[in-house]
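K.L.:
I'd like to ask you about the structure that follows.
Readers should treat all values here as calculations from the given coordinates under stated rules, not as data from a laboratory. Not measured: the values here are computed from a predicted model. Glycine gets a Cβ as well: all are built from the backbone with ideal geometry, and neighbour counts include every protein chain shown.
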Amino acid sequence: MQELLPNLMKRLPEFWKACGDTLLMEVWSGAIIFVLGLIFGIILTVTKPGGIMENRTIYQVLDKIINLFRSIPFIILLTALMPLSRAIMGTAIYVRGVIVPLVFGATPFFARQVESALAQTEKGLVEAALSMGSSPFEVIYRVYLRESLAPIIRAITITIISLLGLTAMAGAVGAGGLGDFAIRYGHDRNMQDITWVVVAVLVSGVSIVQWLGEYFARRNTH
Amino acid sequence: MIELEHIVKNFHADKDKSIHAVDDVSLTINDGDIYGIIGFSGAGKSTLVRCINLLERPDSGSVKIDGVEMMSLKPRELYKARTKIGMIFQQFNLMPSRTVLQNVAYPLKGLTRDEVRQKVRELLTLVDIPDKENAYPSELSGGQKQRVAIARALANDPTILLCDEATSALDPQTTGGVLQLLKDLNKKFGLTIVVITHEMEVVKNICRKAAVMDAGKIIETGDVFEIFSSPKHPVTKNFVRTTSNLSKIETLIKDNSPIVKVETGQVMARLVYIRADVSEPLISYASRAFDIEINIVLADVEIVADSMIGGTVVIFSGDSERIDRAIQYYIDKNIRVEVLKDARVTA
């Protein structure tokens with residue numbers, strides 16, 4: 001090990017902390033993105049023209065906001081949102097400081113994913129549920145969410161994976177984590193073993209998430 | 001009783017274009033009726049039936065069910081009222097991620113797990129698929145899916161069942177089975193059934209009364225037998241014609257087919273039964289009584305609303321005056337006679 005990964009073995013505690021930081025960013029921002037994205041995705045679906053709670057104004061406003069944030073490159077969002085991050089989280093660096101930009105960067109993406117997952121629910125199912133006396137809220141959780149469980153799980157998988165990419169990028173502005181670790185040692189000091197190990201960790205992380213997502217999505221497909 | 005009064009429903013496709021899906025329709029459907037609403041695609045039938053449970057809210061008009069004005073119900077009251085109006089669809093609309101049991105249990109509320117299970121089993125027995133409760137919809141045939149949908153629609157013991165093209169996705173044999181089930185439910189529970197269809201066969205098979213819709217308006221209503229035996233509106237005539245073999249004769253005549261060739265002295269005529277009680281041997285009687293030959297070219301007789309309907313195309317040959325007397329005899333017997341070809345030499 002010493003010979004194969006000389007630089008990494010000397011910095012093991014730092015490496016483990018970087019892994020932990022990445023995981024922490026992923027979990028915190030992921031949880032917030034999941035809740036907000038799900039809510040926005042549902043609002044888009046039901047307020048859309050022809051939706052069960054059709055509302056032109058809400059739909060148009062939300063649609064435009066989501067498009068706006070999706071078109072800003074994440075690296076710009078990271079710096080642009082620093083003041084907001086300081087206001088909400090008290091800091092613009094470390095794990096705490098990067099949660100706000102991560103949420104702003106990935107929520108619109110996840111909301112769109114949820115919207116397209118829910119759009120796969122056949123209109124007939126919604127109509128049948130309404131004909132049986134379901135209220136719009138019942139239709140949301142008993143038909144839309146329940147019947148699109150598999151596509152929603154796939155949307156979560158994709159979002160977690162792209163979020164992993166964003167957390168690595170966040171490393172560049174002082175968030176810590178694996179991205180930061182790889183840049184500081186692997187890139188700046190040309191310690192190639194560190195670059196490769198970080199890549200290996202990220203690849204296996206992505207694979208595990210992908211495998212779990214596919215497993216649960218399949219279990220919910222009949 | 002379902003009372004629709006002056007229902008208007010427009011759809012706005014573009015800014016200044018609007019489609020009159022339902023255009024001032026009034027209709028009364030009595031308790032225990034099996035009522036058909038027929039029309040070609042796009043006539044507005046599906047929109048009209050959705051106005052009954054307010055899946056489509058009419059732009060104006062009144063929808064009364066058992067005297068209660070549906071349009072003025074608060075949302076909660078409307079959801080409750082809808083549980084008493086079952087609905088089934090052409091595409092069945094079963095929830096694919098739920099088993100048959102879970103699908104049928106969907107509208108059931110406030111029952112314990114055991115009560116739900118028992119109720120679902122009763123319903124599945126009623127629709128004759130008691131052994132499918134753990135199957136997923138994807139494992140069922142079309143007919144079985146529609147039976148599950150019927151069980152689900154009946155879960156809250158509704159008094160009305162709306163059927164939107166419920167058999168249009170099924171093959172003729174399966175259609176027969178589902179229609180028989182609907183008939184049985186009507187008889188057993190006095191269920192009021194509204195049947196939307198473009199298939200005349202369905203209306204003939206189960207409806208007692210029907211309305212014909214075209215371009216958002218109801219153009220003819222009445223007993224199904226009346227509509228079939230003496231349609232008044234051109235669209236209805238066209239509709240009835242498409243289902244009867246007797247209309248083939250026109251094509252045959254146009255194509256100069258050898259089977260409709262008429263020799264000199266012969267008369268070809270279409271005899272259509274317009275009364276509900278044809279039981280006499282009309283052909284053989286006339287043939288003997290007037291001493292002429294009556295040759296049946298084409299016949300199409302079927303049962304509509306428990307009465308015979310249809311007629312025959314025949315060729316009379318024999319003495320010219322006797323043929324006239326035979327024709328007069330049929331007219332007296334309330335049979336509509338249309339002379340299609342007359343090859344008698346006029347003196």
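K.L.:
Please state the Cα pair-distance histogram of region B:245-342 with 5 angstrom bins from zero: what percent is in each bin?
P.N.:
2, 13, 25, 25, 18, 12, 4, 1, 0
K.L.:
Take A:ILE160, B:ILE19, B:ILE303 and order them by how many other Cβ atoms sit within 10 Å, fewest up front.
P.N.:
Going from sparsest to densest Cβ surroundings: B:ILE303, B:ILE19, A:ILE160.
K.L.:
Counting only DSSP beta bridges with both residues in region B:2-243, tell me the antiparallel percent, nearest 5.
P.N.:
55 percent
K.L.:
Now a separate question. Using unit Cβ charges (K, R positive; D, E negative) and no other charged atoms, how large, in debye to the nearest 20, is the dipole of the protein assembly as shown about its Cα centre? Provide the component values of the computation, followed by the final result.
P.N.:
Values: 62 positive and 62 negative charges, 373 e Å.
My answer is approximately 1800 debye.
K.L.:
Ranked highest first by the average count of other Cβ atoms within 10 Å around their residues, in what order do B:3-13, A:1-11 fall?
P.N.:
B:3-13, A:1-11
K.L.:
When Cβ neighbours within 10 Å are restricted to other protein chains, what is their mean count per residue of peptide A:130-143?
P.N.:
Shielding by partners across A:130-143 averages 5.
K.L.:
Okay, moving on. Please list the helices of chain A that count as membrane-span-like by this rule: a mean Kyte-Doolittle hydropathy of at least 1.6 together with Cα atoms stretching 15 Å or more along the helix axis, each helix being a complete DSSP H run.
P.N.:
A:149-170
K.L.:
Still on this model: Relative to the Cα centre, what is the charge dipole magnitude of region B:201-347, using +1 at the beta carbon of each Lys and Arg, -1 at the beta carbon of each Asp and Glu, and rounding to the nearest 20 debye?
P.N.:
Approximately 320 debye in magnitude.
K.L.:
Here's something else I'd like to know. Determine the shielding of peptide B:92-104 by partner chains: average, over its residues, the number of Cβ atoms on other chains within 10 angstrom of each Cβ.
P.N.:
The mean count of partner-chain Cβ atoms within 10 Å per residue comes to 4.
K.L.:
Please work out the FRET efficiency for the pair B:ASN334 and A:PHE216, using the Cβ-Cβ distance as r and a Förster radius of 45 Å; give the result to the nearest 0.05.
P.N.:
0.05
K.L.:
Treating chain A as a set of equal point scatterers at the Cα positions, no solvent, please give the Debye-formula log₁₀ I(q)/I(0) at q = 0.07 Å⁻¹.
P.N.:
The calculated log intensity ratios at q = 0.07 Å⁻¹ are -0.28.
K.L.:
Work from the charge dipole of chain B (Cβ charges, +1 for Lys and Arg, -1 for Asp and Glu, about the Cα centre) and give the residue of B:SER244, B:TYR273, B:TYR330 farthest towards its positive end.
P.N.:
Going by the Cα projections, it comes out as B:SER244.
K.L.:
Mind checking the full-extension length gain between B:GLU69 and B:ASP291? Use 0.36 nm per residue of separation minus the Cα-Cα distance, one decimal, nm.
P.N.:
Numbers: separation 222, 0.36 × 222 = 79.92 nm, distance 6.48 nm.
Gain on extension, B:GLU69 to B:ASP291, equals 73.4 nm.
K.L.:
Once you order the gyration tensor axes a ≥ b ≥ c over the Cα atoms, which shape class does chain B get: rounded for a/c under 1.5, otherwise prolate or oblate by comparing a/b with b/c? Show your work: numbers first, answer last.
P.N.:
Details: a/c = 2.72, a/b = 2.01, b/c = 1.35.
The shape class here is prolate.
K.L.:
Out of B:GLY311, B:GLY216, B:GLY42, any idea which swings most in a Gaussian network model of chain B, alpha carbons joined below 10 Å?
P.N.:
In the Gaussian network model the winner is B:GLY42.
K.L.:
Okay, moving on. Sorted by average packing, counted as other Cβ atoms within 10 angstrom per residue and highest first, what order do B:44-50, B:29-35, B:168-174 take?
P.N.:
Values: B:44-50: 24.0, B:29-35: 18.3, B:168-174: 13.7.
Going by the mean number of other Cβ atoms within 10 Å, highest first, we get B:44-50, B:29-35, B:168-174.
K.L.:
Compare A:GLY177, A:GLY97, A:GLY165 in a GNM of chain A, Cα atoms joined below 10 Å, and give the one with the largest fluctuation.
P.N.:
A:GLY165
K.L.:
Mind pulling up the Rg/Rh value for the protein assembly as shown? Radius of gyration and Kirkwood radius, both on Cα.
P.N.:
Result for the protein assembly as shown is an Rg/Rh of 1.19.
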